[in-house]
Amino acid sequence: MIPLKTEAELDIMRENGRILALILAELCAEVRPGRETLFFDRLAEE
């Protein structure tokens with residue numbers, strides 16, 4: 001049996017996806033040759 005999500009759970013998942021998309025867009029904008037992964041780790045934490 002596949003567990004179904006409630007509407008509240010789906011709303012939370014949508015919001016989390018929206019936040020993640022913003023973070024990824026900001027990280028992608030900062031990609032440069034030679035940048036270390038630690039830079040992106042710290043940027044993502046902000």
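Any residue in region 10-33 that is within 12 Å of the chain's Cα centre (by Cα) and of a type in the set (K, R)?
yes
Okay, residues lined up against (1) without any contact (Cβ under 8 Å) to a residue 24 or more places away in the chain; (2) of a type in the set (A, V, I, L, M, F, W, C); (3) surrounded by 10 or more Cβ atoms within 10 Å (Cβ to Cβ); (4) not in a helix (DSSP H, G or I):
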site: I2; (1), (2), (3), (4): yes, yes, no, yes
site: K5; (1), (2), (3), (4): yes, no, yes, yes
site: A8; (1), (2), (3), (4): yes, yes, no, no
site: I12; (1), (2), (3), (4): yes, yes, yes, no
site: L24; (1), (2), (3), (4): yes, yes, yes, no
site: C28; (1), (2), (3), (4): yes, yes, no, no
site: V31; (1), (2), (3), (4): yes, yes, no, yes
site: L43; (1), (2), (3), (4): yes, yes, yes, no
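Report whether or not I19 is modelled with pLDDT of 95 or more, part of a helix (DSSP H, G or I) and surrounded by 11 or more Cβ atoms within 10 Å (Cβ to Cβ).
The answer is no for I19.
The values are calculated or read from the model by the stated rules, or taken from the named source; none is laboratory data. What you see is a predicted model; the values in this text were computed from it and never measured. No Cβ is skipped: glycine too gets one built from the backbone with ideal geometry, and neighbour counts run over all protein chains shown.
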